[in-house]
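J.: A single structure is presented below for examination.
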Amino acid sequence: MQHFFRTLATALQDLLLPPRCHICHKPVPDAGRLHICPDCRADLPLAGSPVCSICGIPFQSAGDDHPCSRCIAAPPPYTAARAALRYEGACRDLIHHFKYNGKSYLRRPLGLITAELLAPFVAAQQPDLLVPVPLHPSRLRSRGFNQAVLLGDLLSRQWQIPLLRQGLTRTRPTPPQMELSREQRSTNLRGAFAVTAPDSVNNRHVMLVDDVFTTGSTLAECALVLQRAGCRTVSAVTVAHAP
């Protein structure tokens with residue numbers, strides 16, 4: 001009965017004060033769980049095939065998934081990574097507001113879309129654990145939350161895969177990756193991560209969770225320390241992949 005009255009109250013609230021689309025901000029009478037209108041949902045830039053079968057970078061041409069030249073020349077330490085969306089347009093705006101403007105509630109639409117679009121990839125990978133990419137404590141205090149943990153918590157519930165919230169720790173602060181070249185990013189992150197409880201990842205398939213795949217340097221460094229701790233396989237999922 002209590003659930004019935006909560007549902008009725010929510011329906012009346014949506015009728016009198018319809019929620020607004022997170023993207024175009026127009027009222028959405030039937031917002032569903034995403035609070036994104038159908039037009040904006042259809043315009044989201046999907047990171048669908050063809051993509052690199054290893055790092056998941058979207059290709060501009062048609063065809064099947066295949067390894068990109070960078071992954072062939074220097075295979076990353078993770079077996080496969082996939083993103084739900086391209087980091088452009090409305091997707092970039094949502095992630096920016098989520099991370100930098102304190103709008104942590106946007107983890108819900110971003111996480112639900114990622115859970116839906118990447119479900120086939122995750123089912124094929126069959127990971128044992130989800131592990132979020134950590135923030136250094138100083139960055140965590142400044143931002144107030146770790147976006148990868150918030151996303152990982154939602155993905156864990158959607159995919160029914162355990163989340164090891166503090167499986168990795170950041171051992172030292174590093175300059176923001178966005179300000180660095182590809183070569184500088186790798187050097188910047190070297191030795192910046194550690195596994196908190198090696199027994200929890202030993203001989204397991206760990207799937208890393210983060211918001212954006214840019215060059216893959218962060219995921220690669222996390223994968224390396226997990227492998228050194230005895231992890232059997234490392235894969236990764238992100239909301240978006242930067243072009």
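The values are calculated or read from the model by the stated rules, or taken from the named source; none is laboratory data. Since we're looking at a predicted model, the values are computed, not measured. No Cβ is skipped: glycine too gets one built from the backbone with ideal geometry, and neighbour counts run over all protein chains shown. Just the protein is used for accessible areas: all its heavy atoms, side chains included, with ligands, DNA and RNA removed. Shrake-Rupley method; radii C 1.70, N 1.55, O 1.52, S 1.80 Å.
J.: In this structure, does Ser49 turn out to be among the small types (Gly, Ala, Ser), modelled with pLDDT of 95 or more and in contact with an Asp or Glu (Cβ under 8 Å, 6 or more places away or on another chain)?
T.: Working: among the small types (Gly, Ala, Ser): yes; modelled with pLDDT of 95 or more: no; in contact with an Asp or Glu (Cβ under 8 Å, 6 or more places away or on another chain): yes.
Criteria not met by Ser49.
Residue-wise test of (1) in contact with a His (Cβ under 9 Å, 6 or more places away or on another chain); (2) of a type in the set (Gly, Ala, Ser); (3) over 15 Å from Val239 (Cα atoms).
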site: Lys103; (1), (2), (3): yes, no, yes
site: Arg108; (1), (2), (3): yes, no, no
site: Ile113; (1), (2), (3): no, no, no
site: Gln125; (1), (2), (3): yes, no, yes
site: Leu129; (1), (2), (3): yes, no, yes
site: Pro132; (1), (2), (3): no, no, no
site: Leu135; (1), (2), (3): no, no, yes
site: Arg139; (1), (2), (3): no, no, yes
site: Ser142; (1), (2), (3): no, yes, yes
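J.: Inspect all residues belonging to segment 57-65 and state whether any of them is open to solvent by less than 10 Å² (accessible area, probe 1.4 Å) and at negative phi.
T.: Filtering segment 57-65 down to residues open to solvent by less than 10 Å² (accessible area, probe 1.4 Å) leaves none.
The answer is no, given that none of the residues of segment 57-65 is open to solvent by less than 10 Å² (accessible area, probe 1.4 Å) and at negative phi.
J.: Within segment 66-78, restricting attention to residues that are in contact (Cβ under 8 Å) with a residue 12 or more places away in the chain and exposed (fewer than 15 other Cβ atoms within 10 Å of the Cβ), which residue is nearest to Val209 (Cα to Cα)?
T.: Taking segment 66-78 and keeping what is in contact (Cβ under 8 Å) with a residue 12 or more places away in the chain, we get 66-68, 70-71, 75-78.
Then keep just the ones that are exposed (fewer than 15 other Cβ atoms within 10 Å of the Cβ); that gives 66-67, 75.
Numbers: His66: 23, Pro67: 21, Pro75: 20 Å.
The residue in question is Pro75.
J.: Within the set of pairs 6 or more residues apart or between chains, which connect a residue that is farther than 13 Å from Leu85 by Cβ inside segment 29-53 to a residue that is surrounded by fewer than 12 Cβ atoms within 10 Å (Cβ to Cβ) with Cβ atoms less than 8 Å apart?
T.: Pro29/Leu15; Cys37/Lys26; Ser49/Asp64; Pro50/Ser61; Pro50/Ala62; Pro50/Gly63; Pro50/Asp64
J.: Within segment 25-45, restricting attention to residues that are surrounded by 14 or more Cβ atoms within 10 Å (Cβ to Cβ) and of a type in the set (A, V, I, L, M, F, W, C), which residue is nearest to Arg108 (Cα to Cα)?
T.: Going through segment 25-45, the residues surrounded by 14 or more Cβ atoms within 10 Å (Cβ to Cβ) turn out to be 28, 31, 34-37, 40-41, 43-45.
Subset that is of a type in the set (A, V, I, L, M, F, W, C): 28, 31, 34, 36-37, 40, 44.
Numbers: Val28: 16, Ala31: 13, Leu34: 7, Ile36: 11, Cys37: 15, Cys40: 16, Leu44: 15 Å.
Residue satisfying both the conditions and the ranking: Leu34.
J.: Name the helices (runs of 4 or more DSSP H) wholly within segment 125-243 that hold at least 3 residues that are crowded, with 19+ Cβ neighbours inside 10 Å and at pLDDT 95 or above? Spell out how you get there, then give the answer.
T.: On the way: elements: 137-143, 147-159, 182-189, 198-201, 217-228.
Per the criteria, 147-159, 217-228.
J.: Something else now. Lys99 - would you say it is under 20 Å from Cys24 (Cα atoms), in contact (Cβ under 8 Å) with a residue 24 or more places away in the chain and either touching a strand residue (DSSP E or B) at 6+ places or on another chain (Cβ under 6 Å) or open to solvent by 10 Å² or more (accessible area, probe 1.4 Å) (or both)?
T.: Numbers: under 20 Å from Cys24 (Cα atoms): yes; in contact (Cβ under 8 Å) with a residue 24 or more places away in the chain: yes; either touching a strand residue (DSSP E or B) at 6+ places or on another chain (Cβ under 6 Å) or open to solvent by 10 Å² or more (accessible area, probe 1.4 Å) (or both): yes.
Taking the combined requirement at face value, the residue satisfies it.
J.: Might you check whether a residue that is of a type in the set (Phe, Trp, Tyr), more than 13 Å from the chain's Cα centre (by Cα) and open to solvent by 10 Å² or more (accessible area, probe 1.4 Å) occurs anywhere in segment 87-94?
T.: Looking only at segment 87-94, we keep the residues that are of a type in the set (Phe, Trp, Tyr), and these are 87.
Remaining after also requiring more than 13 Å from the chain's Cα centre (by Cα): none.
Looking through segment 87-94, none of the residues is of a type in the set (Phe, Trp, Tyr), more than 13 Å from the chain's Cα centre (by Cα) and open to solvent by 10 Å² or more (accessible area, probe 1.4 Å).
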